[in-house]
């Protein structure tokens, strides 16, 4: 084990993947000489050269389109779209091409590409640089969506995403980049679609992913002070999500809260709540409660953004509401 930051875990995962597989290429805006907007790719240009760590023009649709072609040609490109808001410019390449080609070619072609992109507030980046749009891509058959919460998972899930024969959207919360923790020398492999129990409990299940997992854990500690033992499930992968793990937890606790930073309406929480209300109805002893962002653009001002973003207090209140 060694102390590192969340951003370092991703950098090391990219480094290790490139070292073991010459087909892994990095493409993005300012990822080479500058090392990326958040310094995640720093040092990789010197190690692997400009033919594998490639600075691209400010043209997200071209970056994604080139990656689709490279993937079809046998490479394993990892592209960076530096803010998830700009994934809007990649929609044709990702939704109409990358997600569909394996199906349209009768299984004869694979599109093994990864899109690294950053979401989330907390940095006062404003409404065009803070959106959480993972539910958009989780809605598309053919795409996988990963959102890690810990250093080991950031490393291991990125390895799994690069190895996957399908296109993967790998979402990194900007607020987690400076987070310090211990990174295993050899992190345990994590398959896509497998959740983890971040905290065991018996009274209420809190399901989350990404940065909100840490707020869920804080809420669970506060709930423990009131005699409520909360179990926290870290989904890790939003698509495919670990339905069995959530159902198994619900069968033990009989209450469910789903929390994410993204806008609550039509979000990941809505899908999980609907599914659990159907297959887990007999296990429910209270209402399923969702926690998410308000239905409005993310405010730029610091105090407004703090009020906008859901946190531990909202998750605490939601867990209490399952007893109403």
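The values are calculated or read from the model by the stated rules, or taken from the named source; none is laboratory data. Values in this document were obtained by computation on a predicted structure and should not be read as measured data. Quick reminder, even Gly has a Cβ in these numbers, built from the backbone with ideal geometry, and neighbours come from all protein chains shown.
Restricting attention to the stretch 1-24, the residues being out of contact with any helix residue (DSSP H, G or I) (no Cβ under 8 Å at 6 or more places or on another chain), without any contact (Cβ under 8 Å) to a residue 40 or more places away in the chain and not in a loop (DSSP other than H, G, I, E, B) number 2. Criterion first (out of contact with any strand residue (DSSP E or B) (no Cβ under 9 Å at 6 or more places or on another chain), surrounded by fewer than 21 Cβ atoms within 10 Å (Cβ to Cβ) and without any contact (Cβ under 8 Å) to a residue 24 or more places away in the chain) does residue 39 satisfy it? Against the criterion (out of contact with any strand residue (DSSP E or B) (no Cβ under 9 Å at 6 or more places or on another chain), surrounded by fewer than 21 Cβ atoms within 10 Å (Cβ to Cβ) and without any contact (Cβ under 8 Å) to a residue 24 or more places away in the chain), residue 39 does not qualify.
Scanning for something modelled with pLDDT of 95 or more, under 21 Å from residue 52 (Cα atoms) and buried (at least 24 other Cβ atoms within 10 Å of the Cβ), does the stretch 79-86 turn up at least one residue? Quick ask: steps written out before the conclusion?
First, the residues of the stretch 79-86 that are modelled with pLDDT of 95 or more: 79-81, 83-86.
Within this subset, residues satisfying the condition of being under 21 Å from residue 52 (Cα atoms) are 79-81.
Restricting the remaining residues to those that are buried (at least 24 other Cβ atoms within 10 Å of the Cβ) gives 79-80.
Among the residues of the stretch 79-86, at least one is modelled with pLDDT of 95 or more, under 21 Å from residue 52 (Cα atoms) and buried (at least 24 other Cβ atoms within 10 Å of the Cβ), which makes the answer yes.
Taking the condition over 22 Å from residue 195 (Cα atoms), touching a helix residue (DSSP H, G or I) at 6+ places or on another chain (Cβ under 8 Å), in contact (Cβ under 8 Å) with a residue 40 or more places away in the chain and in the same structural domain as residue 204 (by TED's automatic domain parsing), does residue 298 pass? Answer is yes for this residue. When the residues of the stretch 305-324 are filtered to those that are in contact with a strand residue (DSSP E or B) (Cβ under 6 Å, 6 or more places away or on another chain) and in a helix (DSSP H, G or I), the one that is farthest from residue 208 (Cα to Cα) is 321. Checked against (1) assigned to a loop (DSSP other than H, G, I, E, B); (2) under 19 Å from the mean Cα position of the chain (by Cα); (3) at pLDDT 95 or above, residue 111 meets all criteria but (2).
Give the residue that is farthest from residue 174 (Cα to Cα), with candidates limited to residues of the stretch 89-100 that are touching a helix residue (DSSP H, G or I) at 6+ places or on another chain (Cβ under 9 Å) and free of Cβ contacts under 8 Å to residues at least 40 places away in the same chain.
The qualifying residue farthest from residue 174 (Cα to Cα) is 97.
Among the numbered conditions (1) in a loop (DSSP other than H, G, I, E, B); (2) in contact with a strand residue (DSSP E or B) (Cβ under 8 Å, 6 or more places away or on another chain), the only one that residue 94 does not meet is (1). Only one of these is within 29 Å of residue 108 (Cα to Cα) and surrounded by 19 or more Cβ atoms within 10 Å (Cβ to Cβ): 64, 32, 9. Name it. Result of the check over 64, 32, 9: 64. A single entry from 27, 70, 45 fulfils the requirement of being buried (at least 17 other Cβ atoms within 10 Å of the Cβ) and either touching a helix residue (DSSP H, G or I) at 6+ places or on another chain (Cβ under 7 Å) or not assigned by TED's automatic domain parsing to the domain that holds residue 166 (or both): 27.
Kindly evaluate residue 123 against the criterion of being surrounded by fewer than 17 Cβ atoms within 10 Å (Cβ to Cβ) and either within 13 Å of the chain's Cα centre (by Cα) or under 18 Å from residue 177 (Cβ atoms) (or both). Yes.
Conditions tested, residue by residue: (1) at pLDDT 95 or above; (2) more than 21 Å from residue 226 (Cβ to Cβ).
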residue: 252; (1), (2): yes, no
residue: 263; (1), (2): yes, yes
residue: 271; (1), (2): yes, yes
residue: 275; (1), (2): yes, yes
residue: 283; (1), (2): yes, yes
residue: 308; (1), (2): no, yes
residue: 315; (1), (2): yes, no
residue: 320; (1), (2): yes, no
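Of all residues in the stretch 135-149, how many are assigned to a loop (DSSP other than H, G, I, E, B) and out of contact with any strand residue (DSSP E or B) (no Cβ under 7 Å at 6 or more places or on another chain)? Count: 5.
Residues of the stretch 178-191 that are under 16 Å from the mean Cα position of the chain (by Cα) and buried (at least 19 other Cβ atoms within 10 Å of the Cβ): 190 alone.
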